[in-house]
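The values are calculated or read from the model by the stated rules, or taken from the named source; none is laboratory data. Computed from a predicted model, the values in this text were never measured in an experiment. Neighbour counts are summed over all protein chains in view; Cβ atoms, including those assigned to glycine, are modelled from backbone coordinates with ideal geometry. SASA here: full protein model, heavy atoms, side chains in, ligands and nucleic acids out. Shrake-Rupley method; radii C 1.70, N 1.55, O 1.52, S 1.80 Å.
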Amino acid sequence: MKLNNIELRVWEKAPYCNCGYEYCSINNHRLCGICGEAIMKGSHESVTSQRNSWYAWNIDHKIPISRGGTDNINNLHAVHIRCNREKSNNC
């Protein structure tokens, strides 16, 4: 799986997991920007076989476009797909 430039930049700024698992030490775990639980780099939404994974993630706008947010990297964060669906535009 290869992330595009924006996806990679968002991934790299996500907080480290520090869970102690082997994958964490090779930069494959980070934390969801909404719930703070682990997400996995290889479980990005673009990987068809991983979309339903507990660790699946995508990119979320902290401030939705509909509420004046932008696509600036500072307004984007990596979050679980399920957290993003629950959040919707309700923040």
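Structural remarks
- Couplings 3J(HN,Hα) of the range 56-70, computed from phi: 5, 9, 8, 9, 10, 8, 4, 10, x, 3, 5, 10, x, x, 10 Hz, in residue order, whole Hz [Karplus 6.51 cos²θ - 1.76 cosθ + 1.60, θ = phi - 60°; x for Gly and Pro].
- Relative contact order for the chain: 25 percent, from Cα pairs under 8 Å spaced at least 6 residues apart, divided by residue count.
- Within straight-line reach of Lys62, meaning a Cα separation under 16 Å, sit the following aspartates and glutamates at least 8 residues removed in sequence or on another chain: Glu7, Asp71, Glu86.
- Annotation: per residue accessible area for the chain equals 62 Å², rounded to a whole number [probe 1.4 Å, protein chains only].
- Protein accessible area in the chain, 1.4 Å probe - carbon and sulfur %: 48 percent
- Of the residues Leu76, Ala56, His29, the one whose Cα sits farthest toward the positive end of the charge dipole of the chain, with +1 on the Cβ of Lys and Arg and -1 on the Cβ of Asp and Glu, is Leu76.
- In plain terms, the C-alpha convex hull of the chain casts an average shadow of 5.8 nm² when viewed from every direction.
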